[in-house]
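The values are calculated or read from the model by the stated rules, or taken from the named source; none is laboratory data. Computed from a prediction, not measured in an experiment: that's the story for all the values here. Backbone-built Cβ (ideal geometry, glycine too); neighbour counts: all protein chains shown.
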Amino acid sequence: MLLNDFSLADVDGARAHDATAWRLISDRVMGGVSDGRAVVDTVGGRRALRLTGRVRLENDGGFVQIARDLAPDGAPIDLSGFAGLELEVLGNGEGYGVHLRTRDVTRPWQSYRAGFVAAPEWTRLRLPFAGFRAHRIETPLDLSGARRIGLVAIGRAFDADLALARLSLYR
């Protein structure tokens, strides 16, 4: 199931390449000083949503992210029939995270997380849902209530540069 493909034109009235579904969020929402930018651009010969920024740890900060609701109205959707996420990414060789939020997540700092390294060439990655770990939440991951996904530069001071060309679910 395709979630985003920034190289596609409109398909059956849906905008698979629509960057407006994605929002930039940084630690500034809690007093941090990290900064970031998210734009659709051509990166390494492909059209992609690109997150750039500087992750800083001052004021208990430490993240920049691009995130989107899985359903246009923010309602939960059932991902239990899927094995995981497939991403096509290019980056600067740094480690990044994918954060999932479900209807069980009630606090901003809670999520289900998996990590990956974004190589400096276009790479297709598969992240199985079985590998996502609960972060500051005791409830096991319930994919029947998935709400939001985020790609995150987090946890240490570094320059983020991550491009996402395609995001889908696989069985």
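Scanning region 89-140 for residues that are surrounded by fewer than 17 Cβ atoms within 10 Å (Cβ to Cβ), more than 20 Å from S168 (Cα to Cα) and among the hydrophobic types (A, V, I, L, M, F, W, C) yields a count of 2. Whether any residue in region 31-45 is β-branched (V, I, T), under 20 Å from V117 (Cβ atoms) and either within 15 Å of the chain's Cα centre (by Cα) or surrounded by 16 or more Cβ atoms within 10 Å (Cβ to Cβ) (or both) is what I want to check. Yes, region 31-45 contains at least one residue that is β-branched (V, I, T), under 20 Å from V117 (Cβ atoms) and either within 15 Å of the chain's Cα centre (by Cα) or surrounded by 16 or more Cβ atoms within 10 Å (Cβ to Cβ) (or both).
Scanning region 146-158 for residues that are among the small types (G, A, S) and over 17 Å from the mean Cα position of the chain (by Cα) yields one hit, A157.
The residue pairs whose first member lies in region 32-55 and is over 10 Å from D161 (Cβ atoms), whose second member is buried (at least 22 other Cβ atoms within 10 Å of the Cβ) and of a type in the set (D, E), and whose beta carbons are closer than 6 Å, counting only pairs six or more residues apart or on different chains, are S34/D27. The test for being surrounded by fewer than 14 Cβ atoms within 10 Å (Cβ to Cβ) and at pLDDT 95 or above holds for S144. For region 116-130, a residue qualifies if it is over 21 Å from I25 (Cα atoms), of a type in the set (A, V, I, L, M, F, W, C) and part of a loop (DSSP other than H, G, I, E, B), and the qualifying residues are A119, W122. Selection of region 110-159 for residues being in contact with a helix residue (DSSP H, G or I) (Cβ under 7 Å, 6 or more places away or on another chain) and either closer than 17 Å to V89 by Cα or in contact (Cβ under 8 Å) with a residue 60 or more places away in the chain (or both) yields A114, L143. Of the residues E138, E94, only one is charged (D, E, K, R) and either at pLDDT below 95 or farther than 23 Å from V29 by Cβ (or both); which? From the options E138, E94, the qualifying one is E138. In region 87-116, the qualifying residues are those that are of a type in the set (D, E, K, R) and under 11 Å from the mean Cα position of the chain (by Cα), and the one that is nearest to L143 (Cα to Cα) is R101.
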